[in-house]
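See below for the structure under consideration.
What follows draws every value from the coordinates through simple rules; no lab data is involved. Remember, predicted model here, so these are calculated numbers, not experimental data. Here Cβ is always computed from backbone atoms with ideal geometry, including for glycine, and neighbour counts include all displayed protein chains.
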Amino acid sequence: MNWDQLELSQQISQKPFRDFDLFSYGADLLHQPGSLALIDDSGNYIFATSPLLAFEVTRSGWNVKTEKFQWQNSQNIASDYNDALSWLERQTSDGRLYGGLAYEAYHLFEKLPASQLEDGYELPLMLFSLYQEVHFVQIKEKIITKTISQLNWNNKELAPFALSYQASGFKDHPWQELTSTDHGPSQMWLNRQSYLHKVEQVQQAILHGEIYQGNFTHLFRKSKTMNSWKQFCQLFSANPAGYYMFWNLGDVEICCTSPELFVQLKEGTLTTQPIKGTLSRKFQTSQVLMKSEKDAAELSMIVDLFRNDLNRICDPNSVKVTAHKSVITLKNVYHMYSEIVGKLHKDTTSWEILAALFPSGSITGCPKIRAIEILQDLEEVQRSFYTGSLGWVSKTSVNLNVAIRTLFFVKNWVYFHVGGGIVFDSEPDKELQETFDKALPFFKMNETWN
């Protein structure tokens, strides 16, 4: 592909900040399938609309999709991916492809078989898109700055298109009703005894020396009663966090409310901030979490895993733990996290970064490969983009979250997976309660838009 046929134009405006109507602004831009929004808790908003081209990996191979045609190529897509990033870095101030990787994309980077678990979302393993129009909105010191970047294909062979997928959701399963005031009306894929038994199986693997920790997840659903973009805006207003993303993919709309950074590349420095340790804020303080030996041990295991992964692609002696056992305070829970940084080897591509680090060890366990294998035997449904990574990549910068706290809107249902790290001395009943605590914002989603 001749990337030099693209042209960029930009419009920049500033005005005093009075009020920013997130719902109205996004509703005008995100109706076309493929469009997305990225929002943090520091006043930064990105809206990407009108896809021009998509790099897609499905279970049958690589694809490059446009409005008029689709290339299927199982050999050279990584080269196309890198060519696109190189061109964008030369020609634009943004230089980004937006999208993400599903959790099951691990088999692209590790010698593991593709998942055969039930899949109710039917989405690609990886999807990154080039957009015709990207809106950057920043609110800082009572000033709102809006930058609109627009790409044009000057020989008219590339046009915006609807990047849409069909899905049917999870059918024909005896869901467990949850009717308590805290959790209902919702349903759980596993009944209580099945969940407790599977946690015990993870602990047996630990006892036999196969793993030190496994991050077991399970699935919930509730009836969809609200427009998905409205629900996203409501969740952000009530529970702001650092790495929100909304993604319209046709039959499936993804609403990610993650507080966790997977990897950031900025000015040659890689940063990752794994979360391990969760405590309900109900009647408890962050000091209780800080004093938890179990949570501290879990976090230290994952820090060692990330240090090992970063050393594969960073300069010798540059990998450092710059924060350990720090606390994030959210509306319903406290989280404990660490920060690990390293200086990236010269000429290392973003693809090589993904190959070294993905998926995040915080949502697999360790050792990572064996933990993935054990979890694939125990988890009955595919995670898809839940616990994958969402955000953007470019030739010289990366910003991807760990896609925890993620909703999938499919047909008349809202699905959400929740998990936690299991270690030898975990108490299965408490692990189940922790998943309820993490999911509380979803259980409590308002059924009307005020």
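For the reader, a short list of remarks on this structure follows.
- Note on the chain: GNM, Cα springs under 10 Å; of ASP19, ASP309, ASP347, the largest mean-square fluctuation is that of ASP19.
- Electrostatic bookkeeping for ASN332 treats Lys and Arg as +1 and Asp and Glu as -1; over the other residues with beta carbon under 14 Å from its beta carbon, the sum is +3.
- Tilt relative to the chain, helix 192-207 - C-alpha long axis, 0 to 90 degrees, to 10: 90
- With the charge dipole of the chain set up from +1 on Lys and Arg Cβ and -1 on Asp and Glu Cβ about the Cα centre, the Cα lying farthest toward the positive end among the listed residues ALA439, SER280, HIS208 is that of SER280.
- Under the Karplus curve 6.51 cos²θ - 1.76 cosθ + 1.60, θ = phi - 60°, whole-Hz ³J(HN,Hα) for segment 400-416, x wherever Gly or Pro sits: 10, 8, 9, 7, 7, 6, 10, 9, 10, 8, 9, 6, 9, 10, 10, 9, 8
- If you sort the three axes of the alpha carbon gyration tensor as a ≥ b ≥ c, you get a/c of 1.5 or more for segment 385-440 and a/b no higher than b/c, which makes it oblate.
- Of the residues SER360, SER149, SER60, the one that moves most in a GNM of the chain with alpha-carbon contacts below 10 Å is SER60.
- The equivalent ellipsoid of the chain has semi-axes of 33, 25, 23 Å, largest first, where each one is the square root of 5 times an eigenvalue of the Cα gyration tensor.
- For segment 219-235, 3J(HN,Hα) computed residue by residue from phi via the Karplus equation (6.51, -1.76, 1.60; θ = phi - 60°) reads 10, 10, 8, 8, 5, 7, 10, 9, 3, 5, 5, 4, 5, 4, 4, 5, 5 Hz, glycine and proline entered as x.
- Each Lys or Arg adds one and each Asp or Glu takes one away; over the other residues whose Cβ falls under 12 Å from the Cβ of PHE436, this sums to 0.
- Anisotropy class of segment 311-400 from Cα gyration tensor, a/c 1.5 cut: oblate
- Anisotropy class of segment 214-326 from Cα gyration tensor, a/c 1.5 cut: oblate
- Axis angle, to the nearest 10 degrees, between helix 368-378 and the longest C-alpha principal axis of the chain: 70 degrees.
- For segment 356-364, 3J(HN,Hα) per residue [Karplus equation, 6.51 cos²θ - 1.76 cosθ + 1.60, θ = phi - 60°, Hz, x = Gly/Pro]: 7, 10, 7, x, 4, x, 5, 10, 10
- When segment 109-171 is described by a simple charge dipole with +1 on each Lys and Arg Cβ and -1 on each Asp and Glu Cβ, the residue from ALA162, ASN152, SER129 located farthest towards its positive end is ASN152.
- Order of GLU427, GLU267, GLU104 under a 10 Å beta carbon neighbour criterion, fewest first: GLU267, GLU427, GLU104
- Electrostatic tally near GLN273: other residues with Cβ closer than 9 Å to its Cβ, Lys and Arg +1, Asp and Glu -1, net -2.
- Sites SER24 and GLU293, calculated FRET efficiency, Cβ-Cβ separation with R0 56 Å, nearest 0.05: 0.70
- The mean sequence distance of close C-alpha pairs (under 8 Å, at least 6 residues apart), as a share of the length of the chain, puts its relative contact order at 22 percent.
- Residue order, fewest to most surrounding Cβ atoms within 10 angstrom, among ILE313, ILE422: ILE313, ILE422
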